[in-house]
Amino acid sequence: MGESKGAESRACIVGIGETDYTRRGGISDRSELALACAAVANAAKDAGLDVNDIDGLSSYANDESVPWLMQESLGLPKLRYATMAWGGGGGGCFAAIAQAAAAVESGAANYVAVFRSLCQGQRKRFGQGYGVPHSPGFLDPFGMFAPPFMLAPLAQRYKHDYGIREEQVAEIALSGRANAARNPRAVFKDRPLDLETYLSSRMVADPLRLYDCCQENDGACALVVTTEERARDLSGPVVRILAAGQGAEPGWGSGGLGSHNMPEEDYKAGGGRTLANRLYAKAGIGPEDVDTAQIYDHFTYFVLMNLESFGFCGRGEAGAYVADGNIRWSTGKLPINTSGGHLSEAYIHGLNLAVEGVRQIRGTSTSQVADAEICLLANSSSAAILGRV
Amino acid sequence: MNRYLPTPSPNPPMDAVPFWDWCRKRELRFQQCGACGRHRHPPAPVCRFCGSDQVKWDPAPDEAELFSYTIVHNAVTEALKSYVPYNIAVVGFPSLQVRLISNIIDMPPSSLRIGMPLRLTWQECDDGTPLPLFLGEKS
Ligand SMILES: [Zn+2]
């Protein structure tokens, strides 16, 4: 990436593929591996490739569809690159895209499939602490078992210090649900949500209410990444990866999923500040150039923090920013999570946000932002910026 | 005394074993760098400030404060069902610049306030290890 690379070798996304998305446990007739294979095959087909042209695989979050099993089912005779971004959470989703981009730009592989598959009815629930603890022994004895409990204190401090109001936070959930109503793939497409229902919903872990928490789902999705030169030989639309990367503030390792010992200013910031600056610099753009963003909405409050970290408003100002209508499709300055996001489309650990980002640049979203040229994909520890070729 | 929560006993990685050894003596101690004197938590093999691997275990002061918290309403295990709502506290020790995840065992959820003073107490878990827990009352 960056201007030092020739245009031919710059990374692009040329294919997207999905299975159906259901509520957790909704898919019982196919395995998690079968979903992973279907998503990769669909993405290859979308790219106009034979699935056997795929020679690289990239995933994250301790995905159990390991490359040797993928190869058993798909063939993939040319497979020569397989990697996974470390970590138990969906924080690695855009890092997996960065790994794929680095692989095609360096020549380690020609066509890398980035995928995530979930069939949570068939194994332990991801959202119940499965695979997560960063600080073993310091959380469990005190009842801190699951992601909402681990992340709620960050939201609490953020809300307290900046005077964030629940009516403001609600806009993340309401706007996502409105976008889902236009998206036939969204699990909650027929489940309208209003402010009163949001405010009267039960608390899960204070201040996180039911509608502040994402869904748990079954389903899989995938992207195919290749170079711009190879992309030109394919028939479909090409979306540039202007920048992609991972990393969080120093101390974030003992952050929300750990022992909560990061510096105070990062505690209520979500960890994405340095990453944002690095990726904007690499892409040669600023937040004012972003037309739409898909922001990791496992919990509403972290979308607010990331709107601040990625420079769309000042620190502590995201409550007012969203309440002013800025994130609403189609009239807002920065429509976000246009598929409905994790809260209302499905929670495929971030990768379905990337698929939606590709659709926005292609111009095929069900909540299409007019003339979208730049789409940010962001969470607290990995991000990517997509653009037109 | 009844336990605040029926939770698992600590199962620490090697670097955190001394923390729990001190707890067994009902002493709350944090790792302190033997070279630069700065404190750190969770325990780590090397000081992130100066790179030294010299370690001391320094007693925590009695005074702590509530840095943040949550009230958990969802019981994730059968055993927790009669314990919700319960709190999880992020307990700050400003003089050491470290925080500890714990519980405040004497306060109703509506009384918790960020910044409130806290005092250390102990409660044994299933394997007999005393857990460092906190009281919210000024005493
Ligand atoms: Zn030191």
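The values are calculated or read from the model by the stated rules, or taken from the named source; none is laboratory data. None of the values given here were measured: they were computed from a predicted structure. Here the Cβ positions follow ideal geometry from the backbone for every residue, glycine too, while neighbour counts run over all protein chains shown. Surface accessibility is based on the protein's heavy atoms, side chains included, excluding ligands, DNA and RNA. Shrake-Rupley method; radii C 1.70, N 1.55, O 1.52, S 1.80 Å.
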task: Filter region B:28-39 down to residues that are farther than 18 Å from A:P263 by Cβ and buried (at least 16 other Cβ atoms within 10 Å of the Cβ) and give me whichever is nearest to the ligand (Cβ to nearest atom).
output: B:Q32
For B:V76: the one exception among (1) under 21 Å from B:P130 (Cβ atoms); (2) assigned to a loop (DSSP other than H, G, I, E, B); (3) away from the ligand (no atom under 16 Å from the Cβ); (4) in the same structural domain as B:C125 (by TED's automatic domain parsing): (1)
query: Does region A:19-30 contain any residue that is open to solvent by less than 40 Å² (accessible area, probe 1.4 Å), assigned to a loop (DSSP other than H, G, I, E, B) and closer than 20 Å to A:A354 by Cα?
result: yes
Positions within region B:16-31 being assigned to a helix (DSSP H, G or I), touching a residue at least 60 places away in the same chain (Cβ under 8 Å) and touching a Leu at 6+ places or on another chain (Cβ under 9 Å), in sequence order: B:C23
- prompt: Can you pull out the residues in region A:1-22 that are modelled with pLDDT of 95 or more and in contact with a strand residue (DSSP E or B) (Cβ under 6 Å, 6 or more places away or on another chain)?
  reply: A:A11, A:C12, A:I13, A:V14, A:G15, A:I16, A:G17, A:E18, A:T19, A:Y21, A:T22
task: Kindly provide the set of residues from region A:255-268 that are more than 13 Å from A:G87 (Cα to Cα) and either within 8 Å of another protein chain (Cβ to nearest Cβ) or part of a helix (DSSP H, G or I) (or both), ordered by number.
output: A:S259, A:H260, A:N261, A:E264, A:E265, A:D266, A:Y267
query: Which condition number in (1) facing chain B (nearest Cβ under 9 Å); (2) open to solvent by less than 10 Å² (accessible area, probe 1.4 Å) is the one that A:S175 fails?
result: (1)
- request: Tell me which residues, restricted to region B:45-58, are open to solvent by 30 Å² or more (accessible area, probe 1.4 Å) and more than 22 Å from B:R119 (Cβ to Cβ).
  value: B:P45, B:V46, B:R48, B:F49, B:C50, B:G51, B:D53, B:Q54, B:V55, B:K56
query: Has region A:280-292 got at least one residue that is farther than 15 Å from A:A244 by Cβ, touching a strand residue (DSSP E or B) at 6+ places or on another chain (Cβ under 9 Å) and surrounded by 24 or more Cβ atoms within 10 Å (Cβ to Cβ)?
result: yes
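Residue-by-condition table, conditions (1) outside any strand (DSSP E or B); (2) at negative phi; (3) within 23 Å of the chain's Cα centre (by Cα):
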position: A:T197; (1), (2), (3): yes, yes, no
position: A:S201; (1), (2), (3): yes, yes, no
position: A:V204; (1), (2), (3): no, yes, yes
position: A:Q215; (1), (2), (3): yes, yes, yes
position: A:G219; (1), (2), (3): no, no, yes
position: A:I241; (1), (2), (3): no, yes, yes
- line: The correct count of residues that are away from every other protein chain (no Cβ under 12 Å) and of a type outside the set (D, E) in region B:85-115 is 4
- request: May I ask you to verify whether B:S52 is closer than 24 Å to A:P250 by Cα, at the interface with chain A (Cβ under 9 Å from one of its Cβ atoms) and among the hydroxyl-bearing types (S, T, Y)?
  value: no
- prompt: Just checking, which of B:N87, B:N2 is more than 16 Å from the ligand (Cβ to nearest atom) and modelled with pLDDT under 95?
  reply: B:N2
field: Scan of region B:65-84 for residues that are more than 8 Å from chain A (Cβ to nearest Cβ), aliphatic (A, V, I, L, M) and touching a strand residue (DSSP E or B) at 6+ places or on another chain (Cβ under 7 Å), ordered by number
entry: B:L66, B:V84
task: Please specify each residue of region B:85-101 satisfying the condition of being in a strand (DSSP E or B) and either out of contact with any strand residue (DSSP E or B) (no Cβ under 6 Å at 6 or more places or on another chain) or under 16 Å from A:Q156 (Cα atoms) (or both).
output: B:Y86, B:N87, B:I88, B:A89, B:V90, B:V91, B:G92, B:R99, B:I101
message: What's the total number of residues in region B:45-58 that are near the ligand (Cβ under 6 Å from one of its atoms) and part of a strand (DSSP E or B)?
response: 0
- prompt: Of B:P13, B:P61, B:P42, B:P8, which residue is touching a helix residue (DSSP H, G or I) at 6+ places or on another chain (Cβ under 8 Å), open to solvent by 30 Å² or more (accessible area, probe 1.4 Å) and either more than 16 Å from the ligand (Cβ to nearest atom) or touching a residue at least 40 places away in the same chain (Cβ under 8 Å) (or both)?
  reply: B:P8
field: Filtered residue count, region A:358-375, keeping only those that are aliphatic (A, V, I, L, M), open to solvent by less than 20 Å² (accessible area, probe 1.4 Å) and in a loop (DSSP other than H, G, I, E, B)
entry: 2
